[in-house]
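Since the structure comes first, as structure tokens, the remarks are kept for the end.
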Amino acid sequence: MIGPVKTVGIYVEDQKKAVDFYTQKLGFEVRRSLPMGPHANWVELAAPGAQTCLVLYPKSMMANWAEYKPSIVFHCPDVEAFCQRLQFADVSITMAPTQLPWGKFAKFADPDGNEFGLTSQELA
């Protein structure tokens with residue numbers, strides 16, 4: 001039987017800057033950081049209590065990284081308040097909170113241009 005999604009790869013230029021962004025601006029925690037060659041680590045981060053981790057994978061180690069754009073949406077009970085918090089932390093909001101048939105939805109981007117969705121849709 002297949003379990004929950006373990007990891008999702010996010011391609012970044014600078015792992016250290018990316019770790020700072022995800023921990024300081026989004027409140028994620030580092031779950032694992034292991035050496036992965038001489039110039040990089042295997043870094044897994046997650047929102048507190050989450051089962052799924054984001055892996056911050058160096059673009060330099062994946063020649064075709066641009067072909068692998070993630071499509072990730074996080075559950076967020078109060079999309080508007082969280083977007084205000086992100087704006088205060090100078091995070092780019094790429095789609096303002098919008099009421100859709102299934103709930104509020106918004107998008108933000110990390111410093112590497114990876115976009116993420118936020119939805120208030122109830123968890124299944």
Original post:
What's the local net charge at LYS59, with K and R +1, D and E -1, over the other residues with C-beta under 10 Å away?
Top reply: -3
Original post:
Okay, which of the stretch 62-97 sit inside 13 Å, backbone N to the point 7 Å along the Cα-Cβ direction of GLN121?
Top reply: 72-76
Original post:
Principal axis lengths of the chain from Cα atoms, whole Å, largest first?
Top reply: 47, 40, 27
**OP:** Enter the angle in degrees (range 0 to 90, nearest 10) between the Cα long axis of helix 79-88 and the first principal axis of the Cα atoms of the chain, meaning the one along which they spread out most.
**Re:** 60 degrees
**OP:** Can you pull the one-decimal nm distance between simple spin-label points at GLU29 and ASP90, each 7 Å off the Cα toward Cβ?
**Re:** 2.7 nm
**OP:** Could you pull out the longest piece of the chain with no exposed loop chymotrypsin sites (Phe, Trp or Tyr not before Pro) in it, calling a site exposed if DSSP puts it outside H, G, I, E, B and it has at most 16 other Cβ atoms within 10 Å?
**Re:** 1-67
**OP:** For an R0 of 22 angstrom, estimate the FRET efficiency from the Cβ-Cβ distance between THR7 and LYS69 and round to the nearest 0.05.
**Re:** 0.85
Original post:
So how much slack lies between HIS39 and GLU80, counting 0.36 nm per residue of separation and subtracting their Cα-Cα distance, in nm?
Top reply: 10.9 nm
**OP:** Count the lysine pairs in the chain whose Cα atoms lie under 20 Å apart, taking only pairs 8 or more positions apart in sequence or on different chains.
**Re:** 9
**OP:** Calculate the all-directions average of the projected area of the stretch 31-72's alpha-carbon convex hull, and give it in nm².
**Re:** 3.5 nm²
**OP:** For the stretch 1-117, give the magnitude of the charge dipole about the Cα centre (Cβ charges: +1 Lys/Arg, -1 Asp/Glu; no others), in debye to the nearest 20.
**Re:** 200 debye
**OP:** Determine the principal axes of the Cα atoms in the stretch 12-58, then give the extent along each, sorted from largest to smallest and rounded to whole angstroms.
**Re:** 31, 19, 11
Original post:
Ignoring ligands, DNA and RNA, what percent of the accessible area of the chain is carbon or sulfur (1.4 Å)?
Top reply: 56 percent
Original post:
How much space per residue, in cubic angstrom, does the convex hull of the C-alpha atoms of the stretch 72-124 take up?
Top reply: 64 Å³
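The values are calculated or read from the model by the stated rules, or taken from the named source; none is laboratory data. Everything quoted here is computed from the prediction, not taken from an experiment. So basically every Cβ, Gly included, is an ideal-geometry build from the backbone, and we count neighbours across all protein chains shown. Remember, those area values only see protein heavy atoms, side chains included, never the ligands or the DNA or RNA. Shrake-Rupley method; radii C 1.70, N 1.55, O 1.52, S 1.80 Å.
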